[in-house]
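Engineer: Take this structure first; my questions come after.
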Amino acid sequence: MLSGIQNYSVKLEIDPKRIIALWGFSEAAFGGILHALQIPLTGMFIGSAAVIFITLIAHYSKNRYSILQATITVIIIKAVISPHSPLAAYFAVALQGLLGYLFFSFIPFEKIAALLLGFFSLLFSALQKFILVTIVFGNTLWKSIDDFVNYILSQVNITLFDHSLSFSILLIGLYTLVHVGVGIYVGVKAPLLPSRLKNKSYLFTDTFKNYLTEDIFEKQKTRSHKRWWKRLTGIALIIFFVLLMILSYFSSDFQQNRAYEIFIMLIRSIVITFLWFVVLSPYVIKWFNGFIEKNKFTRASEINRVTGLFPEFRRIINYTWKASSHLKNFRRFRKFFSDSLVLLLITNIDVNE
């Protein structure tokens, strides 16, 4: 047996505290792991994991109020382990926990509560990005995208409808539909997990003990939250808008004032971002940090116990990713997430770091 793994054991009795630890791990570290594995739509997977963990907490805990307590713990863990996360990420966790508490407290049927939690959690996960983008850039962003797509289609003589195509609406609709579809699927499957975990047909092969010494996550680095115009996507967006402004001067396919509207939009986005990060954000962050510091000390033992499990969780995920290497694309992702969830819930490993 390789160095670092002393022994492992399987427990079919699920501890709610371990579920909380897994939720905290998902919010604080799972996004970075998915990024390292080059898996797209990380927000959708993290939101789906939250639905699963909240459902399991509701199932195994006697008091529904424990969902709210778990939410606070997860927010603190996220702030401690991933301090550069944007405030919107903490708000998403708080909303998921609040929805979970309301649904499981007032709906007596666990399957219906889980379904509603999956639907609304993933719906919000999809829409929050478009809401934030619209607040910063305004509707001019979507109009510009529509103009550009319709211009390209007209140049290649492609006519899909008798009128202009609203590509932005199609984009938002498709993105939201994918998230909602996944949310419904997870909401249906999550209540079935407790009975599935009792099935003793899970077989642990000898390879489970043979963890690779190379950690696929060791190259992760904590990155600060950059302003949108300093990111690669932001730079590409600015280049796109500048080219669109230039193009609007030479083509009659664009509205005469579109270049002016795009220029005002860019100024607006910079001003709004400046006001948020320089004027409003410091006060919000100060209040939030005070809340974290106050609760961090009162929950110190719980947080230390939870974060102490993180090396074990990383080992298990390392194993399941390597063990699924014989599969490709969606089949591999499905096996990876399914096996990871089961092993993370029922396996205890002694790890020396």
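All of the numbers you see were taken from the coordinates with simple rules; none came from a lab. Remember, it's a predicted structure, so these values are computed and weren't measured experimentally. As a convention, Cβ positions derive from the backbone with ideal geometry for all residues, glycine included, and neighbour counts pool all protein chains shown.
Engineer: Would you mind ranking Trp142, Trp321 so that the residue whose beta carbon has the fewest other beta carbons within 10 Å leads the list?
Structural biologist: Listed from fewest to most nearby Cβ atoms, that is Trp142, Trp321.
Engineer: Can I ask one more? Between segment 285-324 and segment 16-30, how many Å separate their Cα centres?
Structural biologist: The two parts, judged by their Cα centres, are 7 Å apart.
Engineer: Can I ask one more? Sort Phe53, Phe104 so that the residue with the fewest other Cβ atoms within 10 Å of its own Cβ comes first and the one with the most comes last.
Structural biologist: Placing the least packed residue first, the sequence is Phe104, Phe53.
Engineer: For segment 13-126, with the dipole built from +1 on Lys and Arg beta-carbon atoms and -1 on Asp and Glu ones, taken about the Cα centre, which of Ser105, Ala88, Val74 lies farthest toward the positive end?
Structural biologist: It is Ser105.
Engineer: What order do you get for Asp15, Asp147 when you list them from fewest to most C-beta neighbours inside 10 Å?
Structural biologist: Starting with the residue having the fewest Cβ neighbours, the order is Asp15, Asp147.
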